[in-house]
Amino acid sequence: MRIKELYLGLWIGITLGLSKANLAFAQRRPYTLSGFVTDGASARPLSGVQVSVRNQQTRTRSDGYYRLEVPADTALPVAYSLSGYQNQEIVLRLLSDCQHHVMLNVQTKELKEVVVKSASVRASESVQMSGLSVPIEQVKAMPTLLGEKDVIKALQLLPGVQKGSEGSTGLYVRGGGPDQNLVLLDDIPVYHTSHVFGFFSLFNGDAIESVDLTKGGFPARFGGRLSSVIELKARDGDREKFHGEGGIGLISSRMTLEGPIAKGKSSFLISARRTYADLLLNLIQSGASDQNGYFYDLNLKTTFDISLVIPFL
């Protein structure tokens, strides 16, 4: 009888010990913190936002999504930061996998005097060799030919880039010809990039958000290009309110409209440009418009947030 009681006590002790170990292991299991970071004014997704939890950190993707493994059952400060936006810090206590969406507001500061000093930096220490970025605001502020804001002509003014004949949109980089440049619009190759024998580019400046030029040291995804890679990103529409802009030039007019489809979740942007060269040609010679002496562009982009809710087991 005593032996049975001894075995029974031993079995109960082992069972309780394993239960406590499983409970402790479950409490130590990290949980997943995820969500989307958007602009507080336009609700557009923000890419490159740094999300930090203690000594762990990650950055948001191009659609504003982030995902991070964090310790469980602990009050953790979570910090969100991006250049040009106000930093935001919250304290979360996770008891399960959690989604937390954040909106960052633009930060405005009055800068003090800036002193620029020369410094020698070796090329091997730079992040991206031979890579240049042109802000679209700079393109809009440049003097234009016949009232047309031209993205490609703005690239002709960068160091290491030569232009062809006067007024044309051809780019000569590293001795290569215009046909050896890879031009991408939202990662889609564009093979014919000009109108009117190369005097006007295909891209409407009102529909472009950013322009990046890589002249060498191409990333592997471009497949060993010879001359240059031009990456253009089309602008997303405003997700909060409807508005538009337009312009009238000597040879063409343009109009851009944007706004939300479902407020805060989806948007559209439509940008159109048409020349009236055919009308002027008809004044000189009747029937000249039949020779297609004009061009037009139409850009339409819609953006949707599609989320899949997957229950965690």
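The values are calculated or read from the model by the stated rules, or taken from the named source; none is laboratory data. Given the structure is predicted, the values throughout are model-derived calculations rather than measurements. So basically every Cβ, Gly included, is an ideal-geometry build from the backbone, and we count neighbours across all protein chains shown. These accessible areas exclude ligands, DNA and RNA; they are computed on the full protein's heavy atoms, side chains included. Shrake-Rupley method; radii C 1.70, N 1.55, O 1.52, S 1.80 Å.
Quick one: Leu76 ticks every box in (1) at pLDDT 85 or above; (2) part of a strand (DSSP E or B) bar one, so which box is it? Going through (1) at pLDDT 85 or above; (2) part of a strand (DSSP E or B) one by one, Leu76 breaks only (1). Among the residues of the stretch 215-231, those identified as touching a strand residue (DSSP E or B) at 6+ places or on another chain (Cβ under 6 Å) and either more than 16 Å from Ser133 (Cβ to Cβ) or open to solvent by less than 10 Å² (accessible area, probe 1.4 Å) (or both) are Phe222, Arg225, Ser227, Ser228, Val229, Ile230. Ser81 passes every criterion in (1) surrounded by fewer than 16 Cβ atoms within 10 Å (Cβ to Cβ); (2) under 11 Å from the mean Cα position of the chain (by Cα) apart from (2).
Taking the criterion of being under 10 Å from Arg174 (Cβ atoms) and basic (Lys, Arg), the only residue of the stretch 213-224 that qualifies is Lys215.
Looking only at residues that are outside any loop (DSSP other than H, G, I, E, B) and more than 21 Å from Leu184 (Cβ to Cβ) in the stretch 232-249, which one is least open to solvent (accessible area, probe 1.4 Å)?
Pass one, the stretch 232-249, residues outside any loop (DSSP other than H, G, I, E, B): 232-234, 243-248.
In the following step, the residues that additionally are more than 21 Å from Leu184 (Cβ to Cβ) were identified as 243-248.
Working: His243: 75, Gly244: 48, Glu245: 74, Gly246: 50, Gly247: 17, Ile248: 149 Å².
So the residue we want is Gly247.
If you go through the stretch 197-231 and keep only what is assigned to a loop (DSSP other than H, G, I, E, B) and either closer than 25 Å to Arg44 by Cβ or touching a residue at least 60 places away in the same chain (Cβ under 8 Å) (or both), you end up with Leu202, Phe203, Asn204, Lys215, Gly216, Gly217.
Evaluated against (1) modelled with pLDDT of 85 or more; (2) out of contact with any Pro (no Cβ under 9 Å at 6 or more places or on another chain); (3) of a type outside the set (S, T, N, Q); (4) in a strand (DSSP E or B), Val116 falls short on exactly one condition, (4). State whether one or more residues within the stretch 250-258 are touching a helix residue (DSSP H, G or I) at 6+ places or on another chain (Cβ under 7 Å) and open to solvent by 10 Å² or more (accessible area, probe 1.4 Å). The answer is yes; a qualifying residue exists. Among the residues making up the stretch 134-158, none is modelled with pLDDT of 75 or more, farther than 24 Å from Leu250 by Cα and open to solvent by 60 Å² or more (accessible area, probe 1.4 Å). Would you check if there is a residue in the stretch 268-287 being within 30 Å of Lys163 (Cα to Cα), part of a loop (DSSP other than H, G, I, E, B) and at pLDDT below 85? Looking through the stretch 268-287, at least one residue is within 30 Å of Lys163 (Cα to Cα), part of a loop (DSSP other than H, G, I, E, B) and at pLDDT below 85.
When Val161 is tested against the conditions (1) at pLDDT 80 or above; (2) buried (at least 18 other Cβ atoms within 10 Å of the Cβ), the lone failure is (2).
When the stretch 169-214 is limited to residues that are small (Gly, Ala, Ser) and modelled with pLDDT of 80 or more, the one that is surrounded by the most Cβ atoms within 10 Å (Cβ to Cβ) turns out to be Ala207.
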